[in-house]
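First the structure, in the form of structure tokens, and then the observations on it.
The values are calculated or read from the model by the stated rules, or taken from the named source; none is laboratory data. Predicted, not measured: the structure shown is a model, and the values here were computed from it. Because the Cβ atoms are built from the backbone with ideal geometry, glycine has one as well, and the counts that use them run over all protein chains shown.
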Amino acid sequence: MSQKSKKSAAGVATPAKQRHYEVIVIGAGVAGIYQIKLLKDLKINATVLDAASDLGWTWYNNRYPGARFDSESYTYGYSFSKELLNEWHWKEKFSGQPENLRYLNYVVDKFKLRKFMQFNCQVEAAHFDENDNLWRLRIGDGRQLTCRFIVLALGLLSTPTLPRYEGMNKFRGRSFHTFHWPHEKLDLAGKKVAVIGTGATGIQLIAEIPDKVGELTVFQRRPNWSAPLNNRPISVEEMADIRSRYDEIFATCARTPGGFEHEPDRRGFYEVSREQRVELWDRLYDGPGFGIWLRNFREIFTDEEPNAELSEYIAERIRQRVNDPETAEKLIPQDHGFGVQRVPLETHYYEAYNRDNVHLVDISETPIKQITEFGIRTSECDYDFDIIVYATGFDAVTGAFDGIDIRGIGGEKLREKWKHGPSTFLGMFVHGFPNLLMPAGPQSGSASTNYPRGIEIGVNWCTGLLKHMSERGYVRADTTPQAEERWTSHVTKMYSKMLMRKAKGWFTGYNSNVEGHEHGKTRYFVYNGGTPKYVATINEVAANGYEGIILQSNSSITSEEVAMTSGGRRSES
Ligand SMILES: Cc1cc2nc3c(=O)[nH]c(=O)nc-3n(C[C@H](O)[C@H](O)[C@H](O)COP(=O)(O)OP(=O)(O)OC[C@H]3O[C@@H](n4cnc5c(N)ncnc54)[C@H](O)[C@@H]3O)c2cc1C
């Protein structure tokens, strides 16, 4: 692996001047940070490029009040270093954005990773050069870089989307997406604030700000199911106990489908009485985190009847918490059942609507017509605001991938290939795009789970492959069309068993603010087989010499064999 970069006095490569790397990682979020740690340990000539001005993206940007984990903090943190686990004290069961960002910075500083990161580097294009077997990257600052491998750690909820209302640029007050909540302190006191959107971020924000604003008006198109987070502080004593149980905690995460601490109730829904079900649901509803979703009966994900019974139970809990029965009914989803999408978790969300200064506008009944200079015009009336917050979510899963002009063999565009939805092998490879790795890509083990658990699995596996190739002199890896087709149909087929397939949510690629992502054009974004099956599959692929992936050494790559690659045959020399 050549390392031609210039060295500074301290012996550290000066990345701005270096033009070629063995590996370029794009993205300095949770995935990119871990990836560069492993590459550094292997002494591979690598760098991280990130469009942002600092690391941590999700936790750097989402600074809206209420932004916090829905994963138990100690299951979200990295598991790779005992020392790190012993040093870090998670202060809350579900830690908030400032602490989460502090954590990522702590990790990067502890392992001295910052010097491998280059910020303000928007990757605009990445084209595969078939002759030199390299990726050629164009960066926003005008630089052209090359690398043997690119690792896309672009994030699956990293590209915010705004609605398409007329007049949005005419509003004279302040308006922004939750993702772009101002970094400086925003004075909300006495302000009339509008929040458009009641997804996961909207729910966190709406619950948090009623006592900080003058008036809060929530514009809701479709309600989402939500359940209590039941957050609480973690004392020094409790943290010591957690530390002593980390092995056990991560072992639990590894054997549960979602990569969380929550294990499904293995009793069959139909095998227990109604009283027993309600007893379980009462306990879970009052318990922490995703328990009510993931410690539940497995049938709630696949069988209409159990799902309907649970949904009615949750609806009743909402009715108990909202004083005005009409408002309560508006907050109860009618178009999908509980848990068919990732469940937003809340702290006093429903109680917010009991306050005199919080108002709910149902825009399915009175649609927003336009944003005016002074506020929002619905089909019914004009509302004046000081601040409009768009809690309108993300171009999920493939948004960041679409943001780069990625071209593989024969100039094929990834954006075009994935026009109607992604197709991958293991969520980590795309046929025709050699040496492009996605440790936490679409259809990988990450998207539907506790992300960092999935991310570590993906990064470990990709790094194992890089090591395998380096040790054997391979310079090129591409998956076969057959392997990609097999995996993608497997992912697609699994949707057919899940009630989720009918939901208008990001698991099915629905986003009315993104062209082509309308309802009815399902995109098979997430792998629903669960962490243990995913790990077993990818480990088997590796144990079988990376079956489904064609590995080639320099001498074996001739134009003839490039053609063979497309035909899916293996070539080793
Ligand atoms: C508000 C919020 C709360 C969440 N809470 C949880 C939780 O509790 N539990 C959980 O498991 N998951 C949660 N998630 C999901 C979360 O995204 C992941 O946990 C995790 O942060 C993803 O890390 P990542 O490295 O994959 O991606 P990101 O943090 O999204 O980082 C991607 C990086 O890629 C960079 N990038 C993208 N395109 C380019 C380009 N063209 N050029 C250069 N750089 C580029 C970005 O700048 C960014 O730094 C949450 C997401 C949000 C939005």
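Has segment 105-114 got at least one residue that is closer than 19 Å to residue 455 by Cα and either near the ligand (Cβ under 8 Å from one of its atoms) or polar (S, T, N, Q) (or both)? Yes, because at least one residue in segment 105-114 is closer than 19 Å to residue 455 by Cα and either near the ligand (Cβ under 8 Å from one of its atoms) or polar (S, T, N, Q) (or both).
Here's the yes/no breakdown for (1) touching an Asp or Glu at 6+ places or on another chain (Cβ under 9 Å); (2) surrounded by fewer than 21 Cβ atoms within 10 Å (Cβ to Cβ); (3) of a type outside the set (A, V, I, L, M):
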{"residue": "187", "(1), (2), (3)": "no, yes, yes"}
{"residue": "193", "(1), (2), (3)": "yes, no, no"}
{"residue": "198", "(1), (2), (3)": "no, no, yes"}
{"residue": "203", "(1), (2), (3)": "yes, no, no"}
{"residue": "206", "(1), (2), (3)": "yes, no, no"}
{"residue": "214", "(1), (2), (3)": "yes, yes, yes"}
{"residue": "238", "(1), (2), (3)": "no, yes, yes"}
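Candidates 441, 421, 509, 505: the one that is within 18 Å of residue 521 (Cα to Cα), surrounded by 23 or more Cβ atoms within 10 Å (Cβ to Cβ) and not hydroxyl-bearing (Ser, Thr, Tyr) is 509.
Here's the yes/no breakdown for (1) modelled with pLDDT of 95 or more; (2) under 27 Å from the mean Cα position of the chain (by Cα); (3) surrounded by 19 or more Cβ atoms within 10 Å (Cβ to Cβ); (4) within 16 Å of the ligand (Cβ to nearest atom):
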site: 5; (1), (2), (3), (4): no, no, no, no
site: 40; (1), (2), (3), (4): yes, yes, no, no
site: 52; (1), (2), (3), (4): yes, yes, no, yes
site: 59; (1), (2), (3), (4): yes, yes, yes, yes
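Checked across segment 449-456, the condition of being under 26 Å from residue 554 (Cβ atoms) and either part of a loop (DSSP other than H, G, I, E, B) or within 16 Å of the ligand (Cβ to nearest atom) (or both) holds for no residue. Set side by side, the residues 445, 432, 464 differ, and just one is more than 16 Å from the ligand (Cβ to nearest atom), touching a residue at least 24 places away in the same chain (Cβ under 8 Å) and in a loop (DSSP other than H, G, I, E, B), which is 432. Residues in segment 91-104 that are within 13 Å of the ligand (Cβ to nearest atom) and more than 21 Å from the chain's Cα centre (by Cα): 92 only.
Applying the criterion of being surrounded by fewer than 22 Cβ atoms within 10 Å (Cβ to Cβ) and of a type in the set (Val, Ile, Thr) to the residues of segment 157-185, the residue that is nearest to residue 28 (Cα to Cα) is 159.
One line per residue, one yes/no per condition, for (1) surrounded by fewer than 17 Cβ atoms within 10 Å (Cβ to Cβ); (2) within 21 Å of residue 243 (Cβ to Cβ); (3) more than 10 Å from the ligand (Cβ to nearest atom):
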{"site": "64", "(1), (2), (3)": "no, no, no"}
{"site": "69", "(1), (2), (3)": "no, yes, no"}
{"site": "73", "(1), (2), (3)": "no, yes, no"}
{"site": "131", "(1), (2), (3)": "yes, no, yes"}
{"site": "155", "(1), (2), (3)": "no, no, no"}
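Whether a residue is more than 16 Å from the ligand (Cβ to nearest atom) and in contact with a helix residue (DSSP H, G or I) (Cβ under 8 Å, 6 or more places away or on another chain) was assessed, and residue 175 passes this test. Screening residue 346 with (1) within 16 Å of the ligand (Cβ to nearest atom); (2) in contact with a His (Cβ under 9 Å, 6 or more places away or on another chain); (3) farther than 30 Å from residue 132 by Cβ gives one miss only, at (2). Scoring residue 485 on the criteria (1) under 25 Å from residue 79 (Cα atoms); (2) surrounded by fewer than 22 Cβ atoms within 10 Å (Cβ to Cβ) leaves a single failure, condition (1).
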